[in-house]
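Laboratory data are not the source of any read-out in this text; all were calculated from the coordinates shown. On a predicted model such as this, the values are computed, not experimentally measured, just so you know. Here the Cβ positions follow ideal geometry from the backbone for every residue, glycine too, while neighbour counts run over all protein chains shown.
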Amino acid sequence: MTEIEKDLLKEVNELRTNPKGYAEKIEKNKQYFKDKIYRHPDDKHGVKTEEGAEAYDEAIDFLKNKAVAVEALIPSKGLNKIAIDILTEYQKDVDAQLDLDAIIGKHGSYQGAYRQVIQFGSNRPEQIIINLVVSDGDKTRGQRDALLQDNVKKVGVAFGKHETYNHLTVITECTKFENTIDADDSA
């Protein structure tokens, strides 16, 4: 894992193990809204959102009042390779129709639940995870729900450049992963 990927995992695990504390990070970042434009001081350009600060408020409320702390995720070499393969395909074509079974099968097999979350745009780990938690424009908040599931235990993270959207993050999670390439799956 690269340093930014390690930082992303740290952010995910902070969210999972302390959702109320993570709500405070989102609250601090809410100040960077002007109408529906979000512009963090570290970013060159603002981002037009669909819901604006209201989505941040909803995420804050959820994390403070409904989210339950769950175990930290354990890095997996096999899931990292899957995340890298997915990232590579989306770098080539953002609308790629992936054969997830083939990608997963190339590196191993999973038992139980399998989930993935994808975020385009930011290159700051904290903002990437905040974006996934807020899930602006997605009323189902599926990305947030995937990050907070207690039935996933292993994780892979990939981060890279994207021609259209600047950066791309892929996080893969599952209950249990059996790596076919390497007996030691810990990353």
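How many Å³ per residue does the convex hull of the Cα positions in the chain occupy?
In the chain, the Cα hull volume divided by residue count equals 111 Å³.
Which whole-Hz ³J(HN,Hα) couplings does region 30-42 yield from phi under the Karplus relation 6.51 cos²θ - 1.76 cosθ + 1.60, θ = phi - 60°, glycine and proline marked x?
4, 5, 8, 8, 10, 6, 9, 9, 9, 9, 6, x, 7
Only Cα pairs under 8 Å and at least 6 apart count here; give the relative contact order of the chain as a rounded whole percent.
Relative contact order, the chain: 29 percent.
For region 82-187, which trypsin sites (Lys or Arg not before Pro) are both in a DSSP coil and crowded by at most 12 other Cβ atoms within 10 Å?
K139
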